[in-house]
Amino acid sequence: MAVVNITVNDQKISAQMGQTIYQAAAAAGIDIPVLCHHPALPPEGACRVCLVEIDKVRNLQPACTYPVTEGMVVHTASTKVMEARKFALELIISDHPLDCMTCEATGDCRLQDLAYAYGVKGTEFEGGRQHHYAIDDPNPFIQVDRNKCILCRRCVRACNYVNGVEAISVVYRGFNAKIAFGADSTMEDSPCEFCGSCVEVCPVAALWPKMSVGKGRPYQTRQVETVCSYCGVGCKLILHVKGNEIVRVSGADGAANHGFTCVKGRFGYDYVNHTDRLTKPLVRRYLLEGKPKAHAAETAHALSLPGNGHTPDPDMEWVETSWDQALGLVAQKWVATKQTHGRDAFAALCSARCTNEENFLAAKLTRQLMETHSVDHCARL
Amino acid sequence: MDEVVLTNDSQPSEHRFRADVLICGGTGCHSSNSHEVLLALESEVARRGLSDEVRVVHTGCRGFCSMGPVMMVYPEGILYCQVQSSDVPEVVEETLLKGRTVKRLAYQEPTQHQALPLYHDIPFYGKQIRIALRNCGLIDPESIDEYIARDGYAALGKVLSSMTPEDVLREMKDSGLRGRGGAGFLTGLKWEFARRSQSFPKYVICNADEGDPGAFMDRSILEGDPHSVMEGMTIAAYAIGAAEGYIYCRAEYPLAIARLKTAIAQAHEYGLLGENILGSGFNFDLKVKEGAGAFVCGEETALMASIEGKRGEPRPRPPFPAVAGLWAKPSNVNNVKSYAMSPQIILKGAPWFKAIGPEKSPGTAIFALTGKINNTGLIEVPMGIPLGEIIFDVGGGIPKGKTFKAVQTGGPLGGCLPAAALNTPVDFDALTAAGATMGSGGMIVVDEDTCMVEFAKYFLEFATAESCGKCVPCRIGGIRLLETLTKITEGKGTRDDLEVIKYISKNMRESALCSLGQLTPGPVMSGLRFFEKEFIEHIDDKTCTAGQCKSLVRAKCINACPAGVESPAYLALVAQGRYAEGLEIHRQRNPFALACGRVCPAFCEQRCRRGEIDEPISIRLVKRFMADQEIERPWTPARIEGPKLAKVAVVGAGPAGLTAALRLAQRGYRVTVLEKLPVAGGMMAVGIPEYRLPKGPLFAEIENIERAGVEIRCNQSLGDDFTMEDLFDRDGYRAVILAIGAHKSRKLGIPGEEKAGVLHGTDFLRQVGLINRGAAGGRRMPEVAGKRVAVVGGGNVALDAARTAWRMGAKEVHVIYRRQREAMPAYAEEVKAAYDEGVQFHFLANPVKVLGDDAVTGVLVQRQRLGEFDSGGRRRPIPVEGDEFTIDLDLIIPAIGQTTDTAWMKNTGIEASRASTFVVNEALGTSRPGVFAAGDAVSGPATVVEAVAQGNLVAVAVDHWLKTGEYARPRYETPRPDIAQLYDLDAYANAQRPHVPELELVVRQGTFREVELGFDEHTVREEAKRCLRCDLEWLDYMKIARPQAVTEEA
């Protein structure tokens, strides 16, 4: 890559050809505020918060889209720039509810941070028209509050360029422009897959997980980085934990996912604190007590679920035990099976939820210990 | 390669016709039924057996849309206007068979009232140079042969056979053609950028998304000469190395799209589009893409997004289209007009093009003239032509004799320019420097009836509705700007709002993504720059002078009246015979009903909405009758505040001084009026002649004011009989109002002006007036009888002097005026009356020397021609050297303007401007504390009602100052009279304005009897009922209950 020499605020820096001013400045540790820009998305140049002054260029230009050129002289904090940024923020706030005290995003809101930084109180264009959209999208996952939407279009871009679903777009013009799903319908009626990437990139609380509403502010939760257990992609997640409860999941910048997740990773976490969740291994009583297994007919009877009118067989009852004992039992059974019926009586099928390492170990176990090649993976089916 | 050059020889020889009749089929003429005219003509020609001799052609736009449907007859070059199908038999009979012109269909030149049947004589076309429009209206746009016959595709032939792409680029760059879409970027350079981009394929795109309100330049070209655009695009494609092109045309132009598609098919058929064009190996094809009507798609990046099937929104540049445009490939986007001009540049050469217009903006400019202009239509003029020439020569000026106020150039994103900018040469740089923009070619003219705040708001409404909503400054900033402006038009604005407007505008201009957002504040900014006074009037006075802002304008008549007299209320009362109540309402705002009933120019009638239907209500004469009824019952003005000790002196007993005195007396002050002359009344007494305002009514009204407790002392001259110090220190006045008028005549400043026989207008009228008003005081009537008199000037004083001299038995009366009749400041009725009375007018003439030894024997007069525009929008007269004539005379009365006598002002601490008017603050306070001024001495010579208005205001200001010691911009407020409407307005739908009876011409000479005789009671009461009662409609608009009707008593 060719090197381009530019000057930012009297500081000479080297940039890469093809970089934007924002990228070059960021690399040199010069902060330029952004709002509609998101590093994982193509630049838009819509919010005008990252405007900078460039010598010999008419008008202020967005740092997030403007490419660097040799000899370019940029000012990121001139009076003109500061006034224009404040102006943009004042305008955004003038059509944005000032309900930060009850807003979910408070404490982790790009707009709030910028308003704080630029001293924008929301009194600048008081009395002007504001939008009053109903908050009524009926989907189970995402709360859509267009009143808070600042039309940065991060969600539109995330949906189009990251997930490739194109469920979100901007409809209508001018002040009436708004984000819409499908043909200005509901999220469920659109091609939306509820991956929640839109929620991930939303800089305010216009898009927010419904399950997380009222469950605590970002600064009231502990952020625990983890890897998603749903599949083997290995998406890094951040669990927002309050007390001992996960109240929200967001994407972490992992090598596999760069902050994005699928619907399961983001919204499928309710099992964690679910009352039905097994936290200890269960073993049937007859196995624990070394009894033989009941006959097939009886088994069917015994397996009948509670409440279906049949009395469960006490031998078939699930009993809590330790991992050592449970796994020990499994090993005993495998060995016995191999000895009794030969190695081809055994086959292993791995889950997509397993990691590569787990799959490797499963193959190793099957081939070396169980001495069979009958190992496969659900993803091949 | 010579064989590929197209000539007409390749076509089979055509039948020769004796005459061609061209009927305009542009959208303008089409909507005034030109198609019916076409059909009628075709059948009439067939019926008369002329089908072999006369060819009927349906052309594109001829440009003269206001006169549509337009018909041209060749070879004579006759142009017929507003032709209806019923006119067709006469045209065929007279013109096509007998070779005569049909005069009534010829263009009527409005100022000279002359029929101009020949196309090239019409001023509308006279100053035009047609390059892009050269074929519009001349050829059948659906025939490629006709285009080829007019050198069409010859440029393409030349390019493909003898020029390299580099040659084309050089030619285009040398021509200096700048993009006609509005930005004015060098077209040749743009092509070169696209050529340099090494990525393929490349695209050539024509921007035909013309969406400005009132603009139809591109449409007319596409409809009238589609091949010229296609040829230009093909040349561009060759130059940049493209094989594919798009014409992005808005779907609202169905005719243009249809004609383009026809033209593309024809070009294919002739091998002028498609593969291997003219055997050169060059391929190029064109597609028409219909836009869905979003204005923002005229922005090139939005346009390309739209072609790609995406939401039509701009994206930040760079990358520029020449690098990454349509489908991220190098693209060249130009406007229709730029492409249409290109073939001519190639054909005639860059030097030819560059020779037209100024160095930096060569060529021609195309404008769609609309709004308050006589010749609405499409024009092409050389760049650099003064704006005023477009409006007044090509455009034919402002209809209905109204005054030009502003012109909006550059469409809704451009700016407006005032009368003072009429000399601005029209080119990219000069218009920008003046505060507007060139834009794509919309030109909207507005007259005095347009409110500039509302005008700016209109464009802002358009721009905000058309904003795509992508960037914050445009999406929200535009709305906030509009809200601020709306507040002002509703009378809810504050001075802070002006700062808000400037703040939003500045930052939108600096930070919006595309030019739509950046230029949205343009009209507001230019409006504020040139018409700030109007914005402030809306804010401080809650008035809209132009009468457009609905919340502020209860009725246009009230609004138009400088004193704000409640005409609908007193008209309603007069209709019921309740004259005293009507008069009471009148006097609340203007105590001079008798005088104004006779001499007021009736601003109310000029704006009366009934006048838009038939004729305005005869408000002044209704008022005169109403006031006359009460002459026998003298009015004693009511006190509205208790008596006060403070004394106020008013210097000057004219309408301003007397009104101020009355209002202060009503507020309890002790007021003395000091008058220099032996009679009170000011110009009402010694300026306006007896035949217009008899002394009876005048003195009756002055007595009313005295009855309010005002003391009037005559023969008291400031500087001679008393000084300012005397008033404050000796006599103990707390405040002084100077209402000393403008009684001093301006000098001609020519040799011989000192000779006997030169008597200045105001001196002449004063002398006659004092004698007529019974205050001769030893003065003698000037000797006029039997003399030859010339009055110099075109104002009311000049006309009064001329008509007075005529009454005094002058043998000849001449009026010498340096401009033309339309530019005379005198009232049109006065001018007409003077004509009737035999006064001889010499227009565009100016005296240069008074002839004679001691006494005047004549005057040497120099002819004038009209030059550039002055700051008021009138054309400056320029002497024509060597063109002089003499008028033999005995008496010369110069009446070229009046000023205030300021000789006494030395060492008084009171400042006067260069125009000899007092320098006053917003509260009408002069530079000396406690001294205020009003009337002609502040405004310069004006009318009675304007002086009354200032009298009202200065009284409020003085009252406030005396109570608080502070100066405040005054507002004179009176209760709103809501008078019920008791008759059925529909019954008066067809009622006509009555004619005013006047003194017969034969008995006028030798007497000063009142000329206008007034109406009888029946006529007046019926006339009052023609009033549309806009004031009641306003109540509905503001959601205020209408007054309850009570049974009519009379």
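Residue-level check: of (1) within 11 Å of another protein chain (Cβ to nearest Cβ); (2) surrounded by 14 or more Cβ atoms within 10 Å (Cβ to Cβ), A:T7 misses just (1).
Scanning region A:290-307 for residues that are touching a helix residue (DSSP H, G or I) at 6+ places or on another chain (Cβ under 8 Å) and either part of a loop (DSSP other than H, G, I, E, B) or at pLDDT 85 or above (or both) gives A:K291, A:P292, A:K293, A:A294.
For the structure I just gave you, tell me whether B:G357 is touching a strand residue (DSSP E or B) at 6+ places or on another chain (Cβ under 8 Å) and not in a helix (DSSP H, G or I). So B:G357 passes the test.
Being over 30 Å from A:E44 (Cα atoms), assigned to a helix (DSSP H, G or I) and of a type outside the set (D, E) is a condition met by no residue of region B:289-298.
Taking the criterion of being without any contact (Cβ under 8 Å) to a residue 40 or more places away in the chain and within 13 Å of another protein chain (Cβ to nearest Cβ), the residues of region A:159-179 that qualify are A:N160, A:E166, A:I168, A:S169, A:V170, A:V171, A:Y172, A:R173, A:G174, A:N176, A:A177, A:I179. From the list B:D449, B:D497, the one residue that fits, being more than 30 Å from A:H37 (Cβ to Cβ), touching a residue at least 12 places away in the same chain (Cβ under 8 Å) and within 12 Å of chain A (Cβ to nearest Cβ), is B:D497.
Of all residues in region B:932-955, those satisfying the criterion of being out of contact with any helix residue (DSSP H, G or I) (no Cβ under 7 Å at 6 or more places or on another chain) and either among the aromatic types (F, W, Y) or not in a loop (DSSP other than H, G, I, E, B) (or both) are B:A933, B:A937, B:A949, B:L953. Annotation: of all residues in region A:191-206 being closer than 13 Å to A:N160 by Cα and not hydrophobic (A, V, I, L, M, F, W, C), the one that is surrounded by the most Cβ atoms within 10 Å (Cβ to Cβ) is A:S197. Taken over region A:64-96, the criterion of being among the small types (G, A, S) and touching a strand residue (DSSP E or B) at 6+ places or on another chain (Cβ under 6 Å) is satisfied by A:S78, A:A84. When A:A326 is tested against (1) part of a loop (DSSP other than H, G, I, E, B); (2) modelled with pLDDT of 65 or more; (3) not charged (D, E, K, R), just one condition goes unmet, and that condition is (1).
Take the residues in region B:485-494 that are touching a residue at least 60 places away in the same chain (Cβ under 8 Å) and outside any helix (DSSP H, G or I), then tell me which one is nearest to the other protein chains (Cβ to nearest Cβ). Top of the filtered list is B:E490. Of the listed requirements (1) under 17 Å from B:Y153 (Cβ atoms); (2) surrounded by 21 or more Cβ atoms within 10 Å (Cβ to Cβ), B:S280 misses just one: (2).
In region B:147-173, the residues that are over 17 Å from B:A340 (Cα atoms) and in contact (Cβ under 8 Å) with a residue 12 or more places away in the chain form Cβ pairs under 8 Å with partners that are surrounded by fewer than 17 Cβ atoms within 10 Å (Cβ to Cβ) and among the hydrophobic types (A, V, I, L, M, F, W, C), at six or more places apart or across chains, as follows: B:L160/B:M1; B:L160/B:V4; B:S161/B:M1; B:S161/B:V4; B:S161/B:V5; B:S162/B:M1.
Of B:E380, B:E389, all but one fail to be in a strand (DSSP E or B) and not assigned by TED's automatic domain parsing to the domain that holds B:S871; the exception is B:E380.
For the structure I just gave you, tell me whether B:K787 is of a type in the set (D, E, K, R), surrounded by fewer than 19 Cβ atoms within 10 Å (Cβ to Cβ), modelled with pLDDT of 90 or more and out of contact with any Phe, Trp or Tyr (no Cβ under 9 Å at 6 or more places or on another chain). It is false that B:K787 is of a type in the set (D, E, K, R), surrounded by fewer than 19 Cβ atoms within 10 Å (Cβ to Cβ), modelled with pLDDT of 90 or more and out of contact with any Phe, Trp or Tyr (no Cβ under 9 Å at 6 or more places or on another chain). Summed over region B:85-117, residues that are among the small types (G, A, S), assigned to a strand (DSSP E or B) and either in the same structural domain as B:F843 (by TED's automatic domain parsing) or buried (at least 18 other Cβ atoms within 10 Å of the Cβ) (or both) total 0.
Restricting attention to region B:508-538, and to residues there that are among the β-branched types (V, I, T) and crowded, with 21+ Cβ neighbours inside 10 Å, which single residue is farthest from B:C474 (Cα to Cα)? I'd like the intermediate steps shown before the answer.
To start, the set of residues in region B:508-538 that are among the β-branched types (V, I, T) comprises B:520, B:524, B:536.
Now restrict to residues that are crowded, with 21+ Cβ neighbours inside 10 Å: B:520, B:524.
On the way: B:T520: 8, B:V524: 14 Å.
For region B:508-538, the residue satisfying everything is B:V524.
A search for C-beta distances below 6 Å between a residue of region B:472-484 that is at the interface with chain A (Cβ under 7 Å from one of its Cβ atoms) and within 14 Å of B:V500 (Cβ to Cβ) and any residue that is basic (K, R) and surrounded by fewer than 24 Cβ atoms within 10 Å (Cβ to Cβ), counting only pairs 6+ apart in sequence or on different chains, returns nothing. So is B:N276 farther than 30 Å from B:T409 by Cα, out of contact with any Lys or Arg (no Cβ under 9 Å at 6 or more places or on another chain) and free of Cβ contacts under 8 Å to residues at least 12 places away in the same chain or not? Yes; evaluated as a whole, the condition is true for this residue.
Scanning region A:180-193 for residues that are in contact with a strand residue (DSSP E or B) (Cβ under 6 Å, 6 or more places away or on another chain) and within 14 Å of chain B (Cβ to nearest Cβ), we see that the one that is modelled with the highest pLDDT is A:A180. Scanning region A:28-63 for residues being away from chain B (no Cβ under 14 Å), under 24 Å from A:I93 (Cα atoms) and in contact with a strand residue (DSSP E or B) (Cβ under 8 Å, 6 or more places away or on another chain) gives a total of 1.
So that you can scan it fast, the table gives a plain yes or no per residue for (1) in the same structural domain as B:A465 (by TED's automatic domain parsing); (2) within 39 Å of the chain's Cα centre (by Cα); (3) surrounded by fewer than 24 Cβ atoms within 10 Å (Cβ to Cβ); (4) at negative phi:
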| residue | (1), (2), (3), (4) |
| --- | --- |
| B:V159 | no, no, no, yes |
| B:D167 | no, no, yes, yes |
| B:K173 | no, yes, yes, yes |
| B:G181 | no, yes, no, yes |
| B:Q198 | no, no, yes, yes |
| B:D218 | no, yes, no, yes |
| B:P226 | no, yes, no, yes |
| B:M230 | no, yes, no, yes |
| B:G241 | no, no, yes, no |
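Taking the numbered list (1) within 11 Å of chain A (Cβ to nearest Cβ); (2) in contact with a strand residue (DSSP E or B) (Cβ under 7 Å, 6 or more places away or on another chain) in turn, B:G291 passes all entries but (1). Of the residues that sit in region B:409-466 and are in a helix (DSSP H, G or I) and touching a strand residue (DSSP E or B) at 6+ places or on another chain (Cβ under 7 Å), which one is farthest from B:C549 (Cα to Cα)? Within region B:409-466, the match that is farthest from B:C549 (Cα to Cα) is B:F428.
For the condition within 31 Å of the chain's Cα centre (by Cα) and either hydroxyl-bearing (S, T, Y) or in the same structural domain as B:D614 (by TED's automatic domain parsing) (or both), what is the one hit in B:A991, B:A947, B:A987, B:A942? Show your work before the answer.
Details: B:A947 fails: either hydroxyl-bearing (S, T, Y) or in the same structural domain as B:D614 (by TED's automatic domain parsing) (or both); B:A987 fails: within 31 Å of the chain's Cα centre (by Cα); B:A942 fails: either hydroxyl-bearing (S, T, Y) or in the same structural domain as B:D614 (by TED's automatic domain parsing) (or both).
Going through B:A991, B:A947, B:A987, B:A942 in turn, just one is within 31 Å of the chain's Cα centre (by Cα) and either hydroxyl-bearing (S, T, Y) or in the same structural domain as B:D614 (by TED's automatic domain parsing) (or both): B:A991.
Applying a threshold of 8 Å to beta carbon distances and a minimum spacing of six or more residues, or different chains, the list of pairs starting in region A:94-119 at a residue that is away from chain B (no Cβ under 14 Å) and ending at one that is part of a helix (DSSP H, G or I) and of a type in the set (D, E, K, R) reads A:G119/A:K86.
The values are calculated or read from the model by the stated rules, or taken from the named source; none is laboratory data. This one's a predicted model, so the numbers in the text were calculated from it and none came from an experiment. So basically every Cβ, Gly included, is an ideal-geometry build from the backbone, and we count neighbours across all protein chains shown.
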